[in-house]
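> Supplied in structure tokens, the structure appears directly below.
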């Protein structure tokens with residue numbers, strides 16, 4: 001059967017912005033300023049304004065946003081960073097690239113986010129930070145996490161790659177900890193047309209440090225005060241993000257409306273995300289759990305519906321990480337990785353699309 005409903009269609013997703021994107025590109029081409037220009041500065045200001053924060057630094061991608069946040073903290077080699085056991089590998093890679101030790105903590109099976117009740121037991125005299133991941137579009141339970149961080153004097157870095165506009169108790173993701181690291185990969189709720197990222201900083205000192213780190217360690221051209229990187233937000237991508245930022249809440253509300261159809265119409269044979277009034281979920285990913293996940297995925301594909309798995313391989317089973325993670329069992333993470341399935345829930349989808357997905361899903365022979 002030919003594919004009727006794709007998991008994501010970036011061409012369709014960006015169609016409503018196409019005229020403005022073309023206009024911006026033409027202006028960019030005519031201006032002849034391609035790196036760290038006005039568009040980057042304006043996007044940083046506008047993204048900071050959206051979050052009611054003062055300091056934002058545009059960087060090349062989400063991984064660099066995490067790395068530069070950690071580098072800014074000047075931790076010592078071998079220091080430990082607590083991180084969820086079911087995160088995407090980029091989160092853990094950022095810790096390793098900084099010469100630090102990732103300590104995996106299991107998620108709450110109801111939210112898929114790191115379980116605050118399990119964090120304290122993972123704290124040692126080498127622990128220096130907690131790197132939370134607001135997975136799938138839902139914030140972590142930040143009050144108890146911040147209490148633990150304060151008690152032990154730990155830095156908090158938020159991986160907000162999937163949580164643009166998500167809130168916990170009416171406070172936006174990226175505004176709780178010392179740093180909020182964002183990816184604007186094209187499929188994100190606020191997506192560029194290529195790689196892009198940003199860091200929210202809480203202090204002017206950190207803001208200035210990351211500005212240097214992203215640009216070869218330079219504050220003044222050809223004068224390098226620290227060992228830096230080449231991790232600059234592209235001027236063109238910044239201009240595209242400026243077009244889409246005013247529509248972020250509309251994009252999120254559209255995805256929330258699609259999610260509501262799943263909640264109302266999808267049978268309870270499928271474990272759906274938990275809803276709680278403290279959390280404003282933006283459904284970057286709408287996932288379900290099912291013990292016959294692979295069979296279900298093929299069934300949907302046979303009926304013209306594409307899905308994804310976020311993520312099929314747990315971090316502790318990744319070949320790249322086999323020599324870097326302490327050998328413990330992570331049964332909650334393992335179960336999630338073996339049973340999670342991401343359903344179509346994009347700004348490119350219509351309500352009719354989701355009704356069709358539900359119709360097909362509800363006929364799956366468990």
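The values are calculated or read from the model by the stated rules, or taken from the named source; none is laboratory data. Note that the structure is predicted; figures quoted are calculated from it, not measured. Note: ideal-geometry Cβ built from the backbone for every residue, glycine included; neighbour counts use all protein chains shown.
> Which of the residues that make up segment 321-347 are in a loop (DSSP other than H, G, I, E, B), in contact (Cβ under 8 Å) with a residue 12 or more places away in the chain and within 25 Å of the chain's Cα centre (by Cα)?
Scanning segment 321-347 gives 324, 325, 326, 330, 344, 345, 346, 347.
> Please count how many residues of segment 319-366 are loosely packed, with under 12 Cβ neighbours inside 10 Å and under 28 Å from residue 81 (Cα atoms).
9
> On to the next question. Which condition breaks for residue 280 when tested against (1) buried (at least 18 other Cβ atoms within 10 Å of the Cβ); (2) under 30 Å from residue 34 (Cα atoms)?
Every listed condition holds for residue 280 apart from (2).
Condition check ((1) part of a helix (DSSP H, G or I); (2) closer than 29 Å to residue 126 by Cα; (3) modelled with pLDDT of 95 or more) across all residues:
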{"position": "40", "(1), (2), (3)": "yes, no, yes"}
{"position": "44", "(1), (2), (3)": "yes, no, yes"}
{"position": "48", "(1), (2), (3)": "yes, no, yes"}
{"position": "53", "(1), (2), (3)": "no, no, yes"}
{"position": "58", "(1), (2), (3)": "no, no, yes"}
{"position": "64", "(1), (2), (3)": "yes, yes, yes"}
{"position": "68", "(1), (2), (3)": "yes, yes, yes"}
{"position": "76", "(1), (2), (3)": "no, yes, yes"}
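> State which residue is farthest from the chain's Cα centre (by Cα) when the search covers only segment 348-366 and only residues that are in a helix (DSSP H, G or I) and without any contact (Cβ under 8 Å) to a residue 40 or more places away in the chain.
The residue in question is 359.
> Still on this structure, please answer the following. Can you report the number of residues in segment 27-38 which are outside any helix (DSSP H, G or I) and free of Cβ contacts under 8 Å to residues at least 24 places away in the same chain? I'd like the intermediate steps shown before the answer.
So in segment 27-38, the residues outside any helix (DSSP H, G or I) come out as 32-37.
Within this subset, residues satisfying the condition of being free of Cβ contacts under 8 Å to residues at least 24 places away in the same chain are 32.
The number of residues fulfilling the criteria is 1.
Results for (1) in a helix (DSSP H, G or I); (2) touching a residue at least 24 places away in the same chain (Cβ under 8 Å); (3) not assigned by TED's automatic domain parsing to the domain that holds residue 24, shown as yes or no for each residue.
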{"position": "176", "(1), (2), (3)": "no, yes, no"}
{"position": "187", "(1), (2), (3)": "no, yes, no"}
{"position": "255", "(1), (2), (3)": "yes, yes, yes"}
{"position": "264", "(1), (2), (3)": "yes, no, yes"}
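> Might you check whether a residue that is buried (at least 17 other Cβ atoms within 10 Å of the Cβ) and part of a loop (DSSP other than H, G, I, E, B) occurs anywhere in segment 237-251?
Checked against the condition, which is being buried (at least 17 other Cβ atoms within 10 Å of the Cβ) and part of a loop (DSSP other than H, G, I, E, B), segment 237-251 yields no hits at all.
> If you take the residues in segment 108-129 that are touching a helix residue (DSSP H, G or I) at 6+ places or on another chain (Cβ under 6 Å) and outside any helix (DSSP H, G or I), which one is surrounded by the fewest Cβ atoms within 10 Å (Cβ to Cβ)?
Filtering segment 108-129 for residues that are touching a helix residue (DSSP H, G or I) at 6+ places or on another chain (Cβ under 6 Å) and outside any helix (DSSP H, G or I), the one surrounded by the fewest Cβ atoms within 10 Å (Cβ to Cβ) comes out as 109.
> Moving to a separate point now. Which residue out of 191, 217, 165 is buried (at least 18 other Cβ atoms within 10 Å of the Cβ) and at positive phi?
Values: 191 fails: at positive phi; 217 fails: buried (at least 18 other Cβ atoms within 10 Å of the Cβ).
165 is the lone residue from the list that is buried (at least 18 other Cβ atoms within 10 Å of the Cβ) and at positive phi.
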